[in-house]
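Please read the structure below before turning to the comments.
The values are calculated or read from the model by the stated rules, or taken from the named source; none is laboratory data. Just so it is clear, the model here is predicted, and its values are computed rather than measured. Cβ: placed from backbone, ideal geometry, glycine included. Neighbour counts: every protein chain shown.
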Amino acid sequence: LHKSKVTVVGSGNWGSVASKLIASNTLRLSSFHDEVRMWVFEETLPSGEKLTDVINRTNENVKYLPGIKLGKNVVADPDLENAVKDANMLVFVTPHQFMEGICKRLVGKVNGDVEAISLIKGMEVKREGPCMISTLISEQLGVSCCVLMGANIANEIAVEKFSEATVGYRDNREIAEKWVQLFSTPYFMVTAVQDVEGVELCGTLKNVVAIAAGFVDGLEMGNNTKAAIMRIGLREMRAFSKLLFSSVKDSTFFESCGVADLITTCLGGRNRKVAEAFAKNEGKRSFDDLEAEMLQGQKLQGVSTAREVYEVLSHRGWLELFPLFATVHEICVGHLPPSAIVEYSERKPRLS
Ligand code: NAD
Ligand code: 13P
């Protein structure tokens, strides 16, 4: 029997939890090798020790997921090429801004028969237009790439609280089922849908709406306003996704990756939290500053995604159609005050 070998590329907050989930399953399922290799972007801790050494000694990612045992079969590896060289299943889970560089380093370094999945919420904007991270991975590495997104605040899954997730696949149902198997646990319920772009865009765009929700919280505008922002945001998410890819299905927005992720991120995510602080400070402290102070090395995706979405909107002449997305970016860069998040009278959303 050919056993699959899994490598996780990334070891932040979600990357560590994903490794823990996977490692519990590779021990249980005979179709996988027990060991899960986790590539770590190496850093030196205040103690002087290397993060990788500490993870391998204590079985904990003391910086990005303190207090949680990852499973003894998780092996941290600071060498990217070495970490991927024997793998036939690659799980990508880094902040999206680092993926272009990582893919460049991996060209020609992965196995011919490798399958990939991206847990990364974000996109790249190139001269030719927007490029989803799963597409970047597929094109650069010549592999097929599924996605997994959902209402998945990592710290809650780390302590095994029940949640759901959605795998998006293009055409190979069998491979999608294998990913579902690798991630599913009694507390993590995974469903596959044939809509890779829809699933990935849900995960990506909800971070922009979460920034808007954070502004509303910072300005203490209340629950009705926040619900309105979430509804308008969901509508813009759907419209934007369908304009980019006509194949995107409405039903995807009712999966965990859609409305459920939008809700959890607007209630309890990092994007919401930092945007709240930004609004409380009336935009006088930059997002970069607040991110460094409040997240201690973890990374926000919503601010850069808002900029990337804005670039697409302005290139295509769609700014008027997406007042919420456009306003979030304009507030983030200081062109508008946080209170502009509800000033829609002149810029009423025109989409049905
Ligand atoms: P994180 O924000 O916790 O951590 C940042 C990571 O980036 C660390 O592992 C750090 O070592 C690494 N890093 C820093 N500089 C780097 C560089 N130059 N090159 C490569 N890596 C570098 O990461 P995360 O929470 O695992 O997020 C990864 C992805 O997962 C994101 O797209 C995020 O949206 C998504 N996600 C996160 C959560 C969550 O709750 N944390 C949940 C679902 C999805
Ligand atoms: P934040 O990055 O805003 O914490 O969102 C996490 C997430 O994607 C939950 O599904």
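Observations, loosely collected:
- Exclusive hit being surrounded by 16 or more Cβ atoms within 10 Å (Cβ to Cβ) and under 25 Å from Met230 (Cα atoms), set Met99, Met123: Met123
- Of the residues making up segment 195-215, none is surrounded by fewer than 19 Cβ atoms within 10 Å (Cβ to Cβ) and closer than 24 Å to Gly233 by Cα.
- Extreme residue, farthest from Val259 (Cα to Cα), among residues of segment 134-175 that are more than 13 Å from ligand 1 (Cβ to nearest atom) and either in contact with a Leu (Cβ under 7 Å, 6 or more places away or on another chain) or assigned to a strand (DSSP E or B) (or both): Leu141
- Residue in segment 236-246 that is within 19 Å of the chain's Cα centre (by Cα), touching a residue at least 40 places away in the same chain (Cβ under 8 Å), surrounded by 15 or more Cβ atoms within 10 Å (Cβ to Cβ) and assigned to a loop (DSSP other than H, G, I, E, B) present: no
- Residues that are over 17 Å from Leu27 (Cα atoms) and within 14 Å of ligand 2 (Cβ to nearest atom) within segment 163-188 comprise Ser163, Glu164, Ala165, Thr166, listed in sequence order.
- Residue check, Lys273 outside any helix (DSSP H, G or I), within 16 Å of ligand 1 (Cβ to nearest atom) and within 20 Å of the chain's Cα centre (by Cα): no
- Single residue of segment 109-122 satisfying the filter (in contact with a Leu (Cβ under 9 Å, 6 or more places away or on another chain) and of a type in the set (Gly, Ala, Ser)) that is nearest to ligand 2 (Cβ to nearest atom): Ser118
- Some residue of segment 181-190 being surrounded by fewer than 17 Cβ atoms within 10 Å (Cβ to Cβ), touching an Asp or Glu at 6+ places or on another chain (Cβ under 7 Å) and in a loop (DSSP other than H, G, I, E, B): yes
- Checked against the criterion of being within 16 Å of ligand 1 (Cβ to nearest atom), part of a loop (DSSP other than H, G, I, E, B) and at pLDDT 95 or above, segment 111-120 has at least one qualifying residue.
- The residues on offer are Ala260, Ala326, Ala279, and the sole one that is over 22 Å from the mean Cα position of the chain (by Cα) and assigned to a helix (DSSP H, G or I) is Ala279.
- Yes/no for Val40 being in contact (Cβ under 8 Å) with a residue 12 or more places away in the chain and either within 13 Å of ligand 1 (Cβ to nearest atom) or touching a His at 6+ places or on another chain (Cβ under 7 Å) (or both): yes
- Residue tally, condition away from ligand 1 (no atom under 14 Å from the Cβ), in a helix (DSSP H, G or I) and of a type in the set (A, V, I, L, M, F, W, C), over segment 247-257: 2
- Looking across segment 285-315 at every residue that is touching a helix residue (DSSP H, G or I) at 6+ places or on another chain (Cβ under 9 Å) and free of Cβ contacts under 8 Å to residues at least 12 places away in the same chain, the one that is farthest from Pro95 (Cα to Cα) is identified as Ser314.
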